[in-house]
Amino acid sequence: MATYLIRHSPVLSGEVELNAAKNAVLPLLAAGLLTEDPLIIKAVPRITDVETLLQILRDCGAEVQRSGTDISICALHPQSPTHEDNMRKLRASILILGPILARSGSACVGLPGGCAIGQRPIDLHVKGFQAMGAQVYPLGGKRQLSGRLSGARIYLDLPSVGATENLMMAASISDGTTTLENAAKEPEIVDLANCLNQMGASITGAGTGTVTIMGVERLHGAIYSPISDRVEAGTLLCAAAVTEGSVLVRGACAEHLRSLLFKLSEAGVGVRETHVGVRVNGMAASPFEVRTLAYPGFPTDMQAPMTVVALKCHGTSMIHETVFENRFMHVGELSRLGAHIRVENNVAMIDGGYPLRGAAVRSTDLRAGAALMIAGLMAEGETVLNDPAGHIERGYQNLPEKLRSLGADIEKLENYPL
Ligand code: UD1
């Protein structure tokens, strides 16, 4: 679907502005199914995951309107989607389940897809709805859930972002009080809770391990501006960390990027927090060790870009992937560029400091695609990055253009034979 030609770009400098966070916007759009009033989400990025979710919301009976970059969702009578293919295109499609079930008393959804980075089950979502009183039936590859939901104490075996969001949305219009223990603490959870509270929900504790939701009879509409994209910020910071120069990422929230900023500093990159964003100077040089964890730990979404940063550092860096079981697919592609990386179980050992040389590589998932784009900047000569599934445009609005504005030599090749 897309091919990029990337030429060696040793210097990046200047300023670049972030978009709103994909992982905040997707649940916020799904929250539009919780009320019959319009919910307006401001400055929504133009990415294919958003387009796919909007198609799903329309399929669920919602009216979707755009005004510039703002999107309004109005769902008088939400119902289960009929087109399973769209559900398979992104993981966040499962976030329609809670709102439809809570609004209409039943929901039937196909299993979600998204990046092939692990099994990505939905058992924690389903167990939570069962604890709230839903009956669950498998139905030809789909899940049918029905019943009037009421408050429950729910312990999540893992602090799943999606399960926390789905249950929080459903509980906000269910009878009684729901407590989520071992809830995810990501900034996008706080953002969703803030929006739901603005819509009339009563949620406390978002951003901690215990979230309490007192159900209310109905939510009303709102106008909401989502937080900036910390993964886009991290991707641009990693690109700056493997090149010379000074880059200011405007709109980056240092608090949301704490673990990454620590690790970039440890690698020898100059990091400065300013009131308008985060600035990085100089290149990564010293090896480091990283373990991906739920927030506030190091984000799994930054693991692939950070692997590329490790390639710049002289010595051996170690990256432990503990969140998803199949998230080192970019390693094989990086090897085509001459990277020295061994993977044993869930640990990548990266011998950095060797030159990379341009080659043809393939994007295997969203963040892997972005990481390969960054590696292309480091590599001598030309790198052709093939992205047959359009992964990069699923999650980044204008990533090549943003890098180009900093001095990168990247072009999207139209009609390139895949
Ligand atoms: C979200 C993010 C994704 C990020 C991930 C982890 C969105 C749209 N996507 O995905 O970018 O990589 O968080 O930070 O916000 N799990 C189960 N059972 C479940 C649910 C999850 O075992 O029912 C496991 C998963 O397989 C994984 C771990 O829990 O190992 C974390 O997954 P989760 O936090 O749910 O990720 P997503 O919400 O899918």
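The numbers here are math on the coordinates, done by the rules we state, and not lab data. Predicted model only: the values in this text are computed from it and were never measured. Cβ atoms come from the backbone with ideal geometry, glycine included; neighbour counts cover every protein chain shown.
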> Which lysines have a Cα less than 21 Å from the Cα of residue 412, not counting those fewer than 8 places away in the same chain?
Replying inline: 402
> Between 270, 253, 293, whose Cα lies farthest towards the positive end of the dipole of the stretch 253-353 when Lys and Arg beta carbons carry +1 and Asp and Glu beta carbons carry -1, centred on the Cα centre?
Replying inline: 270
> Along the positive direction of the dipole of the chain (beta-carbon charges: Lys, Arg +1; Asp, Glu -1; about the Cα centre), which of 215, 328, 145 reaches farthest?
Replying inline: 145
> From the residues 108, 53, 73, which one has its Cα farthest along the dipole of the stretch 22-216 in the positive direction, the dipole being from +1 and -1 charges on Cβ of Lys/Arg and Asp/Glu about the Cα centre?
Replying inline: 108
>> Give me log10 I(q)/I(0) at q = 0.18 Å⁻¹ for the stretch 305-418, Debye formula, one equal scatterer per alpha-carbon, no solvent.
In response: -0.91
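When DSSP assigns beta bridges and you keep just the ones with both residues in the stretch 22-216, what percent turn out antiparallel, to the nearest 5?
Values: 26 of 31 bridges.
Counting DSSP beta bridges with both partners in the stretch 22-216, the antiparallel share is about 85 percent.
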> Which value, in debye to the nearest 20, gives the size of the charge dipole of the chain about its Cα centre, when Lys and Arg are +1 and Asp and Glu are -1 at the Cβ?
Replying inline: 260
>> P(r) for the stretch 22-216, please, calculated from all Cα pair distances in 5 Å bins and given in %.
In response: 1, 9, 18, 23, 23, 17, 8, 2, 0
> Under unit Cβ charges (Lys, Arg +1; Asp, Glu -1), what dipole magnitude, rounded to 20 debye, does the stretch 147-243 have relative to its Cα centre?
Replying inline: 180
> So which lysines pass the test for residue 142, namely a Cα distance under 27 Å, with those fewer than 8 places away in the same chain ruled out?
Replying inline: 22, 89, 127
> Using a cut-off of 17 Å between alpha-carbon atoms, which aspartates and glutamates can reach residue 42, once sequence neighbours fewer than 8 places away in the same chain are excluded?
Replying inline: 17, 51, 63, 70, 188, 191, 229
>> Tell me the volume per residue, in Å³, of the convex hull enclosing the alpha carbons of the stretch 184-286.
In response: 97
>> For the stretch 19-68, I need the span (max minus min coordinate) of the C-alpha atoms along each principal axis, in Å, sorted largest to smallest.
In response: 28, 20, 18
> In what sequence, highest mean first, do 218-230, 135-147 appear when ranked by Cβ atoms within 10 angstrom?
Replying inline: 218-230, 135-147
> Considering only DSSP beta bridges with both partners in the chain, what is the antiparallel share in %, to the nearest 5?
Replying inline: 75
>> Given 10 °C and 1.306 mPa s, compute D for the stretch 233-370 with the Stokes-Einstein relation, Rh being the Kirkwood radius over Cα pairs; round to the nearest whole µm²/s.
In response: 106
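On alpha carbon coordinates alone, what is the Rg over Rh value for the chain, Rh being the Kirkwood radius?
Details: Rg = 21.3 Å, Rh = 21.7 Å.
On the Cα set of the chain, Rg over Rh gives 0.98.
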>> At a 10 Å Cβ-Cβ cut-off, how would you order 37, 387, fewest neighbours first?
In response: 37, 387
> Which far-off residues, 5 or more places away or on another chain, put their amide H under 5 Å from the one on residue 380, with H placed in the peptide plane?
Replying inline: 356, 357, 358
>> Rg over Rh of the stretch 1-120, using C-alpha atoms and the Kirkwood radius, what does it come to?
In response: 1.07
> How large is the dipole of the stretch 57-184 about the Cα centre if only Lys and Arg carry +1 and Asp and Glu carry -1, each at its Cβ, rounded to the nearest 20 debye?
Replying inline: 180
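Name the shape class, rounded, prolate or oblate, that the alpha-carbon gyration tensor gives for the stretch 100-217, where a ≥ b ≥ c are the square roots of its eigenvalues, rounded holds for a/c under 1.5, and otherwise prolate holds if a/b is larger than b/c and oblate otherwise.
Numbers: a/c = 1.75, a/b = 1.20, b/c = 1.46.
Cα axes put the stretch 100-217 in the oblate bin.
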